[in-house]
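Structure first, commentary second.
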Amino acid sequence: MQAALEAMRSKADGTPVKPATVNMYVATVKSFLGFAHRVGFTRFNAAPLIKLKKAPRQVAQRILGELEVRKLIDAAKPGRDRLLLEVGYFGGLRVSELVSLTWAQVIRRDSGEAQLEVVGKGDKVRQVLIPAVIAARLFASRGDAPASAPVFESVRNPGHALTDRAVNFIVKAAAKRAGVNPAASVHWLRHAHASHAIDNGAPITLVSATLGHADLKTTSVYAHGGRGRVPAAI
(Lines give C-alpha, C1' and ligand atoms only; values in the text may rest on other atoms or scores of the structure.)
Protein backbone atom coordinates (compact mmCIF):
# COMPACT_ATOMS: atom_id res chain seq x y z
CA MET A 1 0.00 0.00 0.00
CA GLN A 2 2.81 2.40 0.88
CA ALA A 3 4.52 1.62 -2.42
CA ALA A 4 1.29 2.36 -4.27
CA LEU A 5 0.90 5.66 -2.45
CA GLU A 6 4.47 6.64 -3.26
CA ALA A 7 3.78 5.89 -6.91
CA MET A 8 0.94 8.41 -6.79
CA ARG A 9 3.45 11.16 -6.08
CA SER A 10 4.81 11.04 -9.63
CA LYS A 11 3.16 11.38 -13.03
CA ALA A 12 3.74 8.91 -15.85
CA ASP A 13 6.49 11.16 -17.25
CA GLY A 14 8.26 11.25 -13.89
CA THR A 15 7.32 14.81 -12.93
CA PRO A 16 6.03 15.28 -9.37
CA VAL A 17 2.33 15.55 -8.62
CA LYS A 18 1.27 18.65 -6.72
CA PRO A 19 1.15 18.12 -2.91
CA ALA A 20 -2.53 19.06 -2.73
CA THR A 21 -3.39 16.43 -5.33
CA VAL A 22 -1.34 13.79 -3.53
CA ASN A 23 -3.12 14.62 -0.27
CA MET A 24 -6.44 14.17 -2.03
CA TYR A 25 -5.38 10.73 -3.31
CA VAL A 26 -4.07 9.62 0.08
CA ALA A 27 -7.11 10.90 2.00
CA THR A 28 -9.37 9.02 -0.41
CA VAL A 29 -7.43 5.80 0.15
CA LYS A 30 -7.61 6.30 3.95
CA SER A 31 -11.37 6.84 3.75
CA PHE A 32 -11.78 3.71 1.62
CA LEU A 33 -9.73 1.55 4.00
CA GLY A 34 -11.65 2.86 7.02
CA PHE A 35 -14.95 2.07 5.31
CA ALA A 36 -13.76 -1.41 4.32
CA HIS A 37 -13.00 -2.16 7.96
CA ARG A 38 -16.28 -0.73 9.28
CA VAL A 39 -18.36 -2.94 6.98
CA GLY A 40 -16.30 -6.02 7.86
CA PHE A 41 -14.49 -6.45 4.54
CA THR A 42 -11.06 -6.22 6.20
CA ARG A 43 -10.00 -7.67 9.54
CA PHE A 44 -8.21 -4.55 10.70
CA ASN A 45 -8.18 -0.87 9.83
CA ALA A 46 -5.03 0.03 7.91
CA ALA A 47 -6.02 3.70 7.53
CA PRO A 48 -4.32 4.98 10.73
CA LEU A 49 -1.03 3.46 9.56
CA ILE A 50 -0.93 5.77 6.55
CA LYS A 51 0.70 9.05 7.44
CA LEU A 52 -0.20 12.16 5.50
CA LYS A 53 1.96 15.11 4.63
CA LYS A 54 1.36 18.20 6.71
CA ALA A 55 -0.86 20.95 5.38
CA PRO A 56 0.71 24.10 4.00
CA ARG A 57 2.10 26.15 6.87
CA GLN A 58 -0.47 28.94 6.64
CA VAL A 59 -3.35 26.46 6.99
CA ALA A 60 -1.73 24.32 9.69
CA GLN A 61 -1.23 27.40 11.85
CA ARG A 62 -4.95 28.12 11.73
CA ILE A 63 -6.18 24.71 12.86
CA LEU A 64 -7.15 24.31 16.51
CA GLY A 65 -6.87 20.93 18.19
CA GLU A 66 -9.89 19.14 19.61
CA LEU A 67 -9.16 20.22 23.18
CA GLU A 68 -8.65 23.83 22.08
CA VAL A 69 -11.99 23.86 20.26
CA ARG A 70 -13.73 22.40 23.29
CA LYS A 71 -12.12 25.00 25.56
CA LEU A 72 -13.07 27.78 23.15
CA ILE A 73 -16.72 26.73 23.00
CA ASP A 74 -16.95 26.26 26.77
CA ALA A 75 -15.46 29.72 27.32
CA ALA A 76 -18.14 31.43 25.23
CA LYS A 77 -21.04 33.02 27.10
CA PRO A 78 -23.88 30.52 27.64
CA GLY A 79 -26.80 30.81 25.27
CA ARG A 80 -26.51 32.51 21.92
CA ASP A 81 -22.71 32.91 21.88
CA ARG A 82 -21.91 29.30 22.77
CA LEU A 83 -24.53 27.99 20.35
CA LEU A 84 -23.08 30.22 17.63
CA LEU A 85 -19.65 28.62 18.03
CA GLU A 86 -21.08 25.10 18.16
CA VAL A 87 -23.10 25.55 14.97
CA GLY A 88 -20.15 27.22 13.27
CA TYR A 89 -17.78 24.40 14.18
CA PHE A 90 -20.01 21.36 13.68
CA GLY A 91 -21.44 22.83 10.47
CA GLY A 92 -18.09 24.02 9.11
CA LEU A 93 -19.73 27.32 8.25
CA ARG A 94 -18.24 30.60 7.06
CA VAL A 95 -19.00 33.67 9.16
CA SER A 96 -21.15 35.08 6.33
CA GLU A 97 -23.20 31.86 6.33
CA LEU A 98 -23.72 32.06 10.09
CA VAL A 99 -24.96 35.64 10.12
CA SER A 100 -27.27 35.16 7.12
CA LEU A 101 -28.88 31.98 8.51
CA THR A 102 -32.63 32.31 9.13
CA TRP A 103 -35.05 29.92 10.78
CA ALA A 104 -36.56 29.14 7.38
CA GLN A 105 -33.24 27.46 6.56
CA VAL A 106 -33.29 25.23 9.67
CA ILE A 107 -35.17 21.96 9.23
CA ARG A 108 -35.88 19.45 11.99
CA ARG A 109 -35.04 15.87 10.99
CA ASP A 110 -36.76 12.78 12.40
CA SER A 111 -33.35 11.71 13.74
CA GLY A 112 -33.26 14.82 15.93
CA GLU A 113 -30.58 16.44 13.81
CA ALA A 114 -30.96 19.89 12.32
CA GLN A 115 -30.58 20.24 8.57
CA LEU A 116 -29.28 23.64 7.52
CA GLU A 117 -29.93 24.88 4.02
CA VAL A 118 -26.82 27.01 3.70
CA VAL A 119 -26.33 29.62 1.00
CA GLY A 120 -22.61 29.82 0.33
CA LYS A 121 -20.29 31.54 -2.12
CA GLY A 122 -21.80 32.25 -5.51
CA ASP A 123 -25.27 31.71 -3.96
CA LYS A 124 -24.68 27.96 -4.09
CA VAL A 125 -26.99 26.06 -1.74
CA ARG A 126 -25.80 23.04 0.23
CA GLN A 127 -27.25 20.92 3.02
CA VAL A 128 -25.41 20.63 6.33
CA LEU A 129 -26.36 18.42 9.29
CA ILE A 130 -25.95 19.52 12.91
CA PRO A 131 -25.77 16.79 15.62
CA ALA A 132 -28.97 16.09 17.53
CA VAL A 133 -27.68 17.28 20.92
CA ILE A 134 -26.74 20.68 19.52
CA ALA A 135 -29.85 20.76 17.33
CA ALA A 136 -32.02 20.39 20.43
CA ARG A 137 -30.43 23.49 21.95
CA LEU A 138 -30.76 25.30 18.64
CA PHE A 139 -34.50 24.63 18.32
CA ALA A 140 -35.05 25.50 21.99
CA SER A 141 -33.48 28.91 21.39
CA ARG A 142 -35.99 29.88 18.72
CA GLY A 143 -38.90 30.82 20.94
CA ASP A 144 -41.63 32.43 18.82
CA ALA A 145 -39.27 33.85 16.20
CA PRO A 146 -40.79 33.82 12.67
CA ALA A 147 -39.24 31.87 9.82
CA SER A 148 -37.73 35.05 8.39
CA ALA A 149 -35.90 35.95 11.60
CA PRO A 150 -32.13 35.49 11.87
CA VAL A 151 -31.04 32.49 13.92
CA PHE A 152 -28.35 34.53 15.63
CA GLU A 153 -29.93 37.84 16.50
CA SER A 154 -28.20 41.00 17.65
CA VAL A 155 -28.98 41.87 21.27
CA ARG A 156 -28.45 45.57 20.64
CA ASN A 157 -30.56 45.53 17.49
CA PRO A 158 -33.38 42.98 17.98
CA GLY A 159 -34.75 41.48 14.79
CA HIS A 160 -31.47 42.00 12.99
CA ALA A 161 -28.66 39.52 12.48
CA LEU A 162 -25.23 39.84 14.04
CA THR A 163 -22.55 41.37 11.83
CA ASP A 164 -19.44 39.47 10.71
CA ARG A 165 -17.38 41.73 12.95
CA ALA A 166 -19.57 41.06 15.98
CA VAL A 167 -19.33 37.30 15.49
CA ASN A 168 -15.55 37.32 15.29
CA PHE A 169 -15.44 39.56 18.36
CA ILE A 170 -17.41 36.86 20.21
CA VAL A 171 -14.89 34.22 19.09
CA LYS A 172 -11.88 36.30 20.08
CA ALA A 173 -13.38 37.13 23.49
CA ALA A 174 -13.95 33.41 24.10
CA ALA A 175 -10.42 32.62 22.90
CA LYS A 176 -8.99 35.09 25.40
CA ARG A 177 -10.96 33.55 28.27
CA ALA A 178 -10.03 30.02 27.15
CA GLY A 179 -6.34 30.82 26.77
CA VAL A 180 -6.16 29.64 23.16
CA ASN A 181 -4.66 31.47 20.20
CA PRO A 182 -6.15 35.00 20.29
CA ALA A 183 -6.12 35.14 16.49
CA ALA A 184 -8.87 32.49 16.38
CA SER A 185 -11.91 33.29 14.23
CA VAL A 186 -14.98 31.54 12.83
CA HIS A 187 -12.88 30.53 9.83
CA TRP A 188 -10.46 28.78 12.19
CA LEU A 189 -13.39 26.70 13.43
CA ARG A 190 -14.18 25.87 9.80
CA HIS A 191 -10.57 24.76 9.31
CA ALA A 192 -10.79 22.67 12.49
CA HIS A 193 -14.03 21.02 11.35
CA ALA A 194 -12.42 19.91 8.08
CA SER A 195 -9.19 18.72 9.69
CA HIS A 196 -10.86 16.80 12.52
CA ALA A 197 -13.47 15.21 10.26
CA ILE A 198 -10.81 13.86 7.87
CA ASP A 199 -8.62 12.70 10.77
CA ASN A 200 -11.66 10.89 12.16
CA GLY A 201 -12.15 8.95 8.93
CA ALA A 202 -14.88 10.97 7.21
CA PRO A 203 -14.77 10.58 3.40
CA ILE A 204 -13.07 13.58 1.87
CA THR A 205 -15.95 13.86 -0.62
CA LEU A 206 -18.41 14.29 2.28
CA VAL A 207 -16.19 16.88 3.98
CA SER A 208 -15.83 18.75 0.70
CA ALA A 209 -19.61 18.79 0.20
CA THR A 210 -20.21 19.96 3.77
CA LEU A 211 -17.77 22.85 3.35
CA GLY A 212 -19.13 23.77 -0.07
CA HIS A 213 -15.82 23.37 -1.88
CA ALA A 214 -16.01 23.22 -5.66
CA ASP A 215 -12.79 21.17 -5.92
CA LEU A 216 -11.53 18.27 -3.78
CA LYS A 217 -8.05 19.75 -4.00
CA THR A 218 -9.22 22.62 -1.83
CA THR A 219 -10.37 20.19 0.85
CA SER A 220 -7.25 18.03 0.58
CA VAL A 221 -5.03 20.63 2.26
CA TYR A 222 -6.67 19.61 5.54
CA ALA A 223 -5.60 15.98 5.11
CA HIS A 224 -2.49 16.37 7.19
CA GLY A 225 -2.89 13.99 10.13
CA GLY A 226 -3.73 16.78 12.56
CA ARG A 227 -3.91 16.87 16.32
CA GLY A 228 -7.42 15.76 17.13
CA ARG A 229 -10.75 14.30 16.16
CA VAL A 230 -14.20 15.78 16.06
CA PRO A 231 -15.24 15.99 19.74
CA ALA A 232 -18.47 14.54 21.04
CA ALA A 233 -21.38 16.94 20.84
CA ILE A 234 -21.98 17.58 24.52
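Being open to solvent by less than 40 Å² (accessible area, probe 1.4 Å), modelled with pLDDT of 85 or more and on the phi < 0 side of the Ramachandran plot narrows it down to one residue among LEU52, LEU64, LEU72; which is it?
Only one candidate passes the filter, namely LEU72.
For (1) in contact (Cβ under 8 Å) with a residue 12 or more places away in the chain; (2) open to solvent by 40 Å² or more (accessible area, probe 1.4 Å); (3) closer than 17 Å to HIS196 by Cα; (4) not charged (D, E, K, R), each residue gets a yes or a no:
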{"position": "ALA7", "(1), (2), (3), (4)": "no, yes, no, yes"}
{"position": "LYS11", "(1), (2), (3), (4)": "no, yes, no, no"}
{"position": "VAL17", "(1), (2), (3), (4)": "no, no, no, yes"}
{"position": "LYS30", "(1), (2), (3), (4)": "yes, no, yes, no"}
{"position": "GLY34", "(1), (2), (3), (4)": "yes, no, yes, yes"}
{"position": "GLY40", "(1), (2), (3), (4)": "no, yes, no, yes"}
{"position": "ARG43", "(1), (2), (3), (4)": "no, yes, no, no"}
{"position": "ALA46", "(1), (2), (3), (4)": "yes, no, no, yes"}
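Only one of ALA175, ALA147 is of a type in the set (A, V, I, L, M, F, W, C), assigned to a loop (DSSP other than H, G, I, E, B) and in contact with a helix residue (DSSP H, G or I) (Cβ under 7 Å, 6 or more places away or on another chain); which?
From the options ALA175, ALA147, the qualifying one is ALA147.
Check whether at least one residue in the stretch 112-122 is surrounded by fewer than 22 Cβ atoms within 10 Å (Cβ to Cβ), part of a loop (DSSP other than H, G, I, E, B), touching a strand residue (DSSP E or B) at 6+ places or on another chain (Cβ under 6 Å) and without any contact (Cβ under 8 Å) to a residue 40 or more places away in the chain, and report yes or no.
Yes: one or more hits.
Kindly establish whether VAL180 is open to solvent by less than 60 Å² (accessible area, probe 1.4 Å), among the hydrophobic types (A, V, I, L, M, F, W, C), assigned to a helix (DSSP H, G or I) and modelled with pLDDT of 85 or more.
Spelling it out, it is not the case that VAL180 is open to solvent by less than 60 Å² (accessible area, probe 1.4 Å), among the hydrophobic types (A, V, I, L, M, F, W, C), assigned to a helix (DSSP H, G or I) and modelled with pLDDT of 85 or more.
Among ALA136, ALA145, which is hydrophobic (A, V, I, L, M, F, W, C) and either at pLDDT 95 or above or on the phi > 0 side of the Ramachandran plot (or both)?
When all the criteria are applied, what remains is ALA136.
The values are calculated or read from the model by the stated rules, or taken from the named source; none is laboratory data. Remember, predicted model here, so these are calculated numbers, not experimental data. Virtual Cβ from ideal backbone geometry, glycine too; neighbours counted across all protein chains shown. Just so you know, the surface numbers come from the protein's heavy atoms only, side chains and all, with ligands and any DNA or RNA stripped out. Shrake-Rupley method; radii C 1.70, N 1.55, O 1.52, S 1.80 Å.
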